[in-house]
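A short worksheet on the structure shown next.
The values are calculated or read from the model by the stated rules, or taken from the named source; none is laboratory data. Given the structure is predicted, the values throughout are model-derived calculations rather than measurements. Don't worry about glycine lacking a Cβ; one is built from the backbone with ideal geometry, like all the others, and counts go over all protein chains shown.
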């Protein structure tokens, strides 16, 4: 017994040393990364300052008075990762972490609701695949990540970018096809990305993200840093060969990658029972040679805890995990009302809405005294104001010009 | 002698939670669960049982297994709510009670048996393990467990001979519906139910056990390593934990996961003695965080032997052998 205790103490001391060492290392690397980033993004800096001018013009009025709640929202958004390390505290996640996750969820919900309405009003070109209902997954996972960690998203990717720190203005500008967007208006909803935030892109190809995330994980392992990559995909994508291949390779090389399956029960309009013979995608994990875990994707704390374990395992060299989050999208495959297909019942949708992640989390935050109803309402109002400002900004922004057609894209010269 | 019906319940969700990652627990896929049921059915049929009533689980585990048997048996499908949650098992137990099988095979962890008992308290169970931290269901080969059920259903032994009532913890929560636990009720400093698993010993305030077993894994081991309390002892064990403690126990709180817990006090709790405390806290039952308790909300817990009965497989098969049931 005494021996066992001694061993535990020795392990803890060793872990402390390792942690100190790795922190030192990462500080050095970060500054190196910053230099590289500064070199490679000179162009975008110029563009950003142009964008700032446009923003300043269009938002002169709103600069005058910034409501307190808005300041709180902005501060929380810019706050660094506040992950409660296991053993660091015996009280679970801090109030700051809880507030940050709530803010992520609420920002996603309001962004998507507004974007959906704009699409249905014909003000956004193309189709939007909305993330409403699934907010707990992106928020619970992203709470453990920094900008140095990579993610790959899906065609339903706005929520992932918002949770990763995406700002409303360049997001709406991208959706509107304007030059001030994250991809200078050339990516749109399904290809939105931002390297500074570690967002490798939404993806119009179902199952297209996991091989990219696996490649990013390979580069992290090759470079010897402690960064991880997360592949978000759905139950439909889990049948694609690209997902199997990525999972196989990640397990083979013990890559720092977490495969997050957002199982919302439908591959576009096809119920899961009609596209695969299993109900739990996590069952496939043992076939890849990695652990498979299921968690309640409608409970941000369940996602936060499960993702935390999987991400920590990946960071510390334990290899990949398949994390399946059981969740549900409230809106149609495309837009809010979609094409009016009857592939699911209103009763089913309403039953899932009763488990709404934001409502239940807000209720608990109030019970715990972390936030009051008044504070929650003020935050919501501030997000609403920020959205309208961003929409105005996007509307006022210019389209890319024809001479920019071949910038920021891969093409064969002369072809 | 009329052959009685055997109940079958399989929990599709067991064996897949976060403990796969942190506690080196095994992954238990649903195909394996289906295979276990097939083996149990084979045992039951070869022992003379052929009537089954199965809970219609969302993954069709039991239904799929029975389908293969074809005309060898009579099978009745018992509807569940179809919510893919614990409510399916609770309501399914209530529905199964109306058919009144002589005993029910439960495939899952402690939590699955607990959910079943919430729906049908005075049931007769044969719990088989699939999950982790299992104390209530024992590891047993399904073929033999099924055979024991078959012997019972065909009248080779009587319930009085082979079914033993077990201890239970009743939990009263001020202003809310009551709850129960079969092995352990744990009070934690957590703020949320979250991923449900109990993975941090530092968060635990107190543990009330129906049995404390040094040979098991989970909260029962914490008590078992201080003061073993077997199932047949008419008392529970109440542990209070703190920053410092009289006992420093290095115990496996989950498979492969040892933690050192400071146990301030370990008291034998006679039947009927009430353990009372107030929130805020989170209550975990049989290894899973289940209820969030508000500030000032009162909780009362007590141990008694008013739980379900559990079929003794060893005793059943020894009696069957002595009575030459298979000869």
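Structure values in brief
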item: Top-ranked residue in the stretch B:95-111 [being over 19 Å from residue B:60 (Cβ atoms) and in contact with a helix residue (DSSP H, G or I) (Cβ under 9 Å, 6 or more places away or on another chain); ranked as surrounded by the fewest Cβ atoms within 10 Å (Cβ to Cβ)]; result: B:97
item: Count - residues of the stretch A:312-322 that are surrounded by fewer than 24 Cβ atoms within 10 Å (Cβ to Cβ) and either more than 8 Å from chain B (Cβ to nearest Cβ) or in contact (Cβ under 8 Å) with a residue 40 or more places away in the chain (or both); result: 6
item: Search result, residues across the stretch B:19-42 that are within 14 Å of chain A (Cβ to nearest Cβ), in contact with a helix residue (DSSP H, G or I) (Cβ under 6 Å, 6 or more places away or on another chain) and modelled with pLDDT of 85 or more; result: B:33, B:34
item: Options B:138, B:114; residue that is surrounded by fewer than 24 Cβ atoms within 10 Å (Cβ to Cβ) and within 12 Å of the chain's Cα centre (by Cα); result: B:138
item: Some residue of the stretch A:276-291 being in contact with a helix residue (DSSP H, G or I) (Cβ under 6 Å, 6 or more places away or on another chain), at the interface with chain B (Cβ under 9 Å from one of its Cβ atoms) and closer than 24 Å to residue B:61 by Cα; result: yes
item: Residue B:74 being over 13 Å from residue B:105 (Cβ atoms) and away from every other protein chain (no Cβ under 14 Å); result: yes
item: Test for residue B:41: is it over 26 Å from residue B:150 (Cα atoms) and outside any loop (DSSP other than H, G, I, E, B); result: no
item: Answer from B:47, B:10, B:40, B:35 - the residue that is surrounded by 24 or more Cβ atoms within 10 Å (Cβ to Cβ), out of contact with any strand residue (DSSP E or B) (no Cβ under 9 Å at 6 or more places or on another chain) and in the same structural domain as residue B:112 (by TED's automatic domain parsing); result: B:47
item: Meets criteria (closer than 29 Å to residue B:60 by Cα, buried (at least 22 other Cβ atoms within 10 Å of the Cβ), within 14 Å of chain B (Cβ to nearest Cβ) and touching a residue at least 12 places away in the same chain (Cβ under 8 Å)) for residue A:300; result: yes
item: Residue A:244 vs. criteria surrounded by fewer than 23 Cβ atoms within 10 Å (Cβ to Cβ), under 30 Å from residue A:223 (Cβ atoms) and either without any contact (Cβ under 8 Å) to a residue 24 or more places away in the chain or more than 10 Å from every other protein chain (Cβ to nearest Cβ) (or both); result: yes
item: Some residue of the stretch A:340-360 being within 13 Å of chain B (Cβ to nearest Cβ), in contact (Cβ under 8 Å) with a residue 40 or more places away in the chain, in contact with a helix residue (DSSP H, G or I) (Cβ under 6 Å, 6 or more places away or on another chain) and not in a loop (DSSP other than H, G, I, E, B); result: yes
item: Qualifying strands (runs of 3 or more DSSP E) (wholly inside the stretch B:167-266; at least 3 residues being within 14 Å of chain A (Cβ to nearest Cβ)); result: B:247-254
item: Every residue from the stretch B:281-327 that is within 24 Å of the chain's Cα centre (by Cα) and within 14 Å of another protein chain (Cβ to nearest Cβ); result: B:281, B:282, B:284, B:288, B:289, B:290, B:291, B:292, B:293
